[in-house]
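The values are calculated or read from the model by the stated rules, or taken from the named source; none is laboratory data. All of these numbers come straight from a predicted model, not from anything done at the bench. Cβ: placed from backbone, ideal geometry, glycine included. Neighbour counts: every protein chain shown.
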Amino acid sequence: MNVGSSRLGAVLALSMLQMHAMAAGKNEVDIRAFMNDTCIIADEPYFIPATQGGGSGDQTTKMFPLLGIVVGKLAELFIKYVGDKTASHISAGGARKDTRYAATKEMNLYRAQFQPAPTLSLNGKLGCMTVVAAKFKPDTTDCTADYVPKELAPETMKLPQDQWKTSRTDDSLENQLRRANVCVDGKVKAQYEARLEFSEDGTAYRMKSAGYRIDSLLTTNDKNAKRDVFYTMEIFQPGQTDQREHLSTAWVRLGTVGAGAHASAAAKDSAPWLRVPAMSVEARRAYEQQTKAHQDVMGEIEALKRALTRNHRLLDGLDARITASSADVAAGLVQQRTKTEVEIQTQEAELDARNAEYRDLPQKPLEFMPVSVEVAVTESESEKAALLVLAGLVSSETQPLASAGSSASAGLFTRSFNMADAQARPDPAVALERARAEYYDVLVEQRSAGPAALPSDAAVQDLALARDKYNDARGALGLEPIK
């Protein structure tokens with residue numbers, strides 16, 4: 001595995017709130033949750049030292065922690081910006097004695113990028129969530145230099161990767177966390193990781209356990225106690241008042257565990273698919289307004305590409321017909337072929353100009369739709385109690401789930417994402433893209449005829465209809481019409 005693969009990327013650290021006091025003040029711990037493209041613990045890469053012919057092993061070993069420092073500074077930056085806006089919400093919900101909470105500062109859920117074309121996708125490195133319960137060192141602490149890399153044992157180097165072993169002496173959880181500059185004071189009390197999986201079309205997601213280590217439970221110091229444990233990730237959108245709009249709740253249920261429990265991954269895949277929070281009307285409007293120039297130019301570029309493809313196919317068809325036709329018919333086809341060639345040249349020149357125009361537009365990514373994320377770990381004394389709590393967390397306010405444990409569990413899954421339902425509901429954003437493409441197809445077709453050619457009444461009407469349809473789609477999202 002390449003040393004460079006150890007980079008965690010931009011670690012999005014969720015802010016932290018202190019947990020309720022345990023039986024004694026010295027047992028207080030904090031919960032922090034971190035979002036990243038890969039898991040801090042489960043995806044810790046192996047470090048392969050330099051071979052004898054590849055230079056000094058000591059020099060290579062010294063290089064590795066320096067890569068971690070870059071990651072660590074990013075994590076530290078986000079941890080320092082702890083937000084208090086959600087504190088009151090957590091305090092109110094935190095009255096539950098079996099639940100411990102962590103909350104985010106606001107972050108933007110969606111990100112717009114412009115290469116090779118305007119695209120809108122979920123923001124950040126939403127690949128894995130790592131939850132850590134421990135006493136943490138001050139936020140200014142930098143512990144990446146103390147990280148001992150997962151050095152590959154030479155005797156296992158030639159074996160398949162799933163049989164690799166490490167030769168390092170410190171394989172502790174505390175050491176592994178230092179790679180992302182997560183600096184704990186003493187032992188970690190509990191650690192959980194969950195992968196965020198997304199459907200191919202990006203409309204659905206779920207969380208799946210990537211492993212956990214529980215040194216002791218969070219709600220009791222009894223080493224012999226057992227608890228049914230699950231943790232949730234709730235996404236909220238800020239409202240005009242103190243009320244937040246709930247967008248989505250994902251969860252991982254570990255089942256019954258106790259002190260000393262650990263697992264490397266989920267035993268079975270039982271997590272339901274959930275709808276990815278849709279972009280709000282306000283965020284969609286802001287996106288369309290701020291990227292209008294990009295969308296318009298790219299609309300022409302894509303329409304020109306489609307027109308060129310059609311004309312090249314027409315040219316190939318004419319060549320075949322000319323070869324098989326009589327002289328009189330061939331002469332007429334040659335004139336049509338010449339006209340098509342002129343259109344192609346005009347379209348290619350226009351495409352070059354539009355591509356240059358697009359390159360001159362601002363290319364810096366933009367972010368939209370601020371949300372807050374709340375992470376909670378719940379330890380219930382029985383399976384039935386855990387199911388009831390989980391059912392209450394994910395149910396709607398107007399349609400609570402059934403009270404029986406078994407039916408509550410079934411109800412949770414019926415509220416998972418349903419592809420058929422999504423397809424039945426028209427998406428205004430999809431309608432906008434389709435109408436925009438149709439409008440620019442008609443526009444490019446008229447322009448390709450050349451400046452000297454006057455459009456027919458039918459062509460003028462086609463363009464007017466396409467414009468009206470495009471404006472109707474824009475109006476559905478609250479956007480200004482085009483002229």
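The stretch 357-432 holds helices (runs of 4 or more DSSP H) entirely within its bounds, and those carrying 1 or more residues that are under 20 Å from the mean Cα position of the chain (by Cα) and either farther than 29 Å from Val281 by Cβ or at pLDDT below 80 (or both) map to 419-424. The number of residues in the stretch 119-166 being over 22 Å from Tyr212 (Cα atoms), modelled with pLDDT of 85 or more and in a strand (DSSP E or B) comes to 2. Only one entry in Leu318, Leu333, Leu351 is in contact (Cβ under 8 Å) with a residue 24 or more places away in the chain and either assigned by TED's automatic domain parsing to the domain that holds Tyr110 or part of a helix (DSSP H, G or I) (or both), namely Leu351.
Tally time: how many residues in the stretch 181-204 are of a type in the set (Asp, Glu), more than 18 Å from Met129 (Cβ to Cβ) and in contact with a Lys or Arg (Cβ under 9 Å, 6 or more places away or on another chain)? Give the derivation first.
First, the residues of the stretch 181-204 that are of a type in the set (Asp, Glu): 185, 193, 197, 200-201.
If we keep only those that are more than 18 Å from Met129 (Cβ to Cβ) as well, we get 185, 200-201.
After this cut, where a residue has to be in contact with a Lys or Arg (Cβ under 9 Å, 6 or more places away or on another chain) as well, the list is 185.
Result for the stretch 181-204: 1.
The single residue among Arg313, Arg306 that is in contact (Cβ under 8 Å) with a residue 60 or more places away in the chain and among the charged types (D, E, K, R) turns out to be Arg306. Just one of the listed residues (Thr346, Thr323, Thr340) is loosely packed, with under 14 Cβ neighbours inside 10 Å and β-branched (Val, Ile, Thr), namely Thr323.
Residues in the stretch 197-211 that are under 21 Å from Arg275 (Cβ atoms) and surrounded by fewer than 19 Cβ atoms within 10 Å (Cβ to Cβ): Glu197, Phe198, Ser199, Glu200, Asp201, Gly202, Thr203, Lys208.
Out of Thr256, Thr220, Thr249, report the one residue that is buried (at least 17 other Cβ atoms within 10 Å of the Cβ), among the β-branched types (Val, Ile, Thr), in the same structural domain as Pro138 (by TED's automatic domain parsing) and assigned to a strand (DSSP E or B). Full working, then the answer.
Numbers: Thr256 fails: buried (at least 17 other Cβ atoms within 10 Å of the Cβ); Thr220 fails: assigned to a strand (DSSP E or B).
The unique qualifying residue is Thr249.
In the stretch 167-195, what count of residues is obtained for those that are hydroxyl-bearing (Ser, Thr, Tyr) and not in a loop (DSSP other than H, G, I, E, B)? Total meeting the criteria: 1.
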